[in-house]
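Following: one structure in structure tokens, then a few remarks.
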Amino acid sequence: MEDLLKLGDRSYRSRLIVGTGKYKDFAETRKAIEVSGAEIVTVAVRRVNITDPHKENLLDYLDPKKYTILPNTAGCYTADDAVRTCRLAREAGVGKMIKLEVIGDDKTLFPDIPATLDAAKILVKEGFVVLPYITDDPITAKKLQEIGCAAVMPLAAPIGSGLGIRNPYNIRIILEQATVPVIVDAGVGTASDAAVAMELGCDGVLMNTAIAGARDPILMAEAMRLGVDAGRKAFLAGRIPKKLYATASSPIDGILG
């Protein structure tokens with residue numbers, strides 16, 4: 001059977017979700033997305049124009065038949081602002097699947113969890129397919145899936161930090177109790193970080209700065225695609241157990257007897 005990522009009523013072959021910020025121009029954005037193989041592209045509604053057809057519009061560079069546009073609420077600091085931003089995106093015709101992000105602190109950009117929960121309740125009731133950005137807290141993840149979110153998106157590390165997964169043990173607990181896809185969001189720095197997330201069993205990885213901020217964004221986009229694919233295949237294959245001592249690669253039973 002084909003190995004697909006299922007979000008709401010849609011399925012995707014790629015498990016890499018990419019952002020659209022911090023590139024030098026929309027042309028570079030489009031090229032990086034193409035090379036990444038991503039099918040879902042997240043857009044900050046407050047920072048990138050997708051609503052005004054009279055100005056340069058990111059959607060002019062992305063084929064809506066090829067990509068799912070995932071509006072996000074980056075820059076929102078209250079539940080009300082986040083809900084309002086999601087409604088605006090839906091009115092602009094970019095669909096009902098949204099990335100919910102309510103920031104609680106300017107320095108760390110960690111999410112405001114109570115506000116995220118409040119916004120998620122409203123948005124789910126209004127028929128949105130909600131993908132919330134959260135800390136790597138198993139309790140919050142459980143509450144959000146009980147609310148009806150289509151996935152949970154715990155951070156690996158602070159947004160844009162490039163530190164990789166700082167607490168794989170919390171991610172493992174979230175995965176153990178998950179009834180919806182778990183997508184690592186924020187903190188990935190390079191392809192090996194993406195592979196680690198997938199090897200843990202995560203269903204996908206979302207990133208922006210790791211690609212857009214690289215010295216060669218196009219080459220990094222390709223590396224991330226390969227990292228996600230390799231990590232997923234390794235998870236499905238099942239790694240050998242870790243041991244303190246060596247185990248011979250070639251058995252000797254029967255050779256000397």
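The values are calculated or read from the model by the stated rules, or taken from the named source; none is laboratory data. Model, not experiment: these values are computed from the prediction. Glycine gets a Cβ as well: all are built from the backbone with ideal geometry, and neighbour counts include every protein chain shown. Each accessible area value is taken on the protein alone, full model and side chains, heavy atoms only, with ligands, DNA and RNA left out. Shrake-Rupley method; radii C 1.70, N 1.55, O 1.52, S 1.80 Å.
Scanning the range 157-177 for residues that are more than 20 Å from Pro114 (Cα to Cα) and part of a loop (DSSP other than H, G, I, E, B) yields Gly160, Ser161, Gly162, Leu163, Gly164, Ile165, Arg166, Asn167.
Of all positions in the range 201-215, none carries a residue that is in a helix (DSSP H, G or I), open to solvent by 20 Å² or more (accessible area, probe 1.4 Å) and among the small types (Gly, Ala, Ser). Here Lys55 meets the list (1) at pLDDT 85 or above; (2) part of a loop (DSSP other than H, G, I, E, B); (3) open to solvent by 70 Å² or more (accessible area, probe 1.4 Å) almost entirely, failing just condition (1). Consider the range 102-121 and keep the residues that are closer than 16 Å to Ala157 by Cβ and touching a Gly at 6+ places or on another chain (Cβ under 9 Å). The one that is most open to solvent (accessible area, probe 1.4 Å) is Phe110.
Please specify each residue of the range 1-48 satisfying the condition of being aliphatic (A, V, I, L, M), free of Cβ contacts under 8 Å to residues at least 12 places away in the same chain and either in contact with a His (Cβ under 8 Å, 6 or more places away or on another chain) or more than 19 Å from Val152 (Cβ to Cβ) (or both). Passing the criteria: only Met1. The residues of the range 144-190 that are closer than 22 Å to Ala44 by Cβ, open to solvent by 30 Å² or more (accessible area, probe 1.4 Å) and β-branched (Val, Ile, Thr) amount to a single one, Ile159.
Within the set of pairs 6+ apart or on separate chains, which have a first residue in the range 221-248 that is β-branched (Val, Ile, Thr), a second that is part of a helix (DSSP H, G or I), and C-beta atoms under 6 Å apart? From the range 221-248, the pairs are Val228/Ala194; Val228/Met198. Test Arg239 against the criterion of being of a type in the set (D, E, K, R), buried (at least 23 other Cβ atoms within 10 Å of the Cβ) and either part of a loop (DSSP other than H, G, I, E, B) or touching a Lys or Arg at 6+ places or on another chain (Cβ under 8 Å) (or both), and give yes or no. Judged against the criteria, Arg239 is not a match.
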